[in-house]
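Before any comments, here is the structure.
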């Protein structure tokens, strides 16, 4: 029950109508990637959580294989740093390993590094439609893999395919 009490306010945060958080300026000077090289997205995303989902484990429907692959995927030779962004927890009921960010204009596969934990994860980069510097939302599964506390606003580096 305590986990639900912590998770529920976070799930409602995107709907509160507040303007997006903006970092001090790390990604403000970096333009959104335009026309990245196509990288295949996962054709079979995990199922959505059950309507009875109450715990973090219930909401994270990725398989052990999905998580192992996301952690084991090495950086692509042609990937480029798209910039840094501040992330917060995205909708917990949106399954998969992804980040919605203003650093891309179309969905592509990429990678995110979280320096404080020394972690890196391959994930889907989704366009947020927000202006540069508006911050990003990241999936519950990705936050867990990166070892970012679920209530944190954390700085990450986003990498995508080179042109």
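Every number here is computed from the coordinates shown, using simple stated rules; none is lab data. Treat the numbers as computed from the prediction; the structure is a model and nothing was measured. With ideal geometry, Cβ positions are generated from the backbone for all residues, glycine too; neighbour counts draw on all protein chains shown.
Overview of values
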read-out: Whole-number D in µm² s⁻¹ for segment 33-163, Kirkwood Cα-pair radius fed into Stokes-Einstein, 25 °C, 0.890 mPa s; value: 168
read-out: Ordering of 88-97, 149-158 by packing [mean C-beta count within 10 Å, highest first]; value: 88-97, 149-158
read-out: Net length gained if the chain between residue 55 and residue 117 were fully extended (0.36 nm per residue, minus Cα distance); value: 20.0 nm
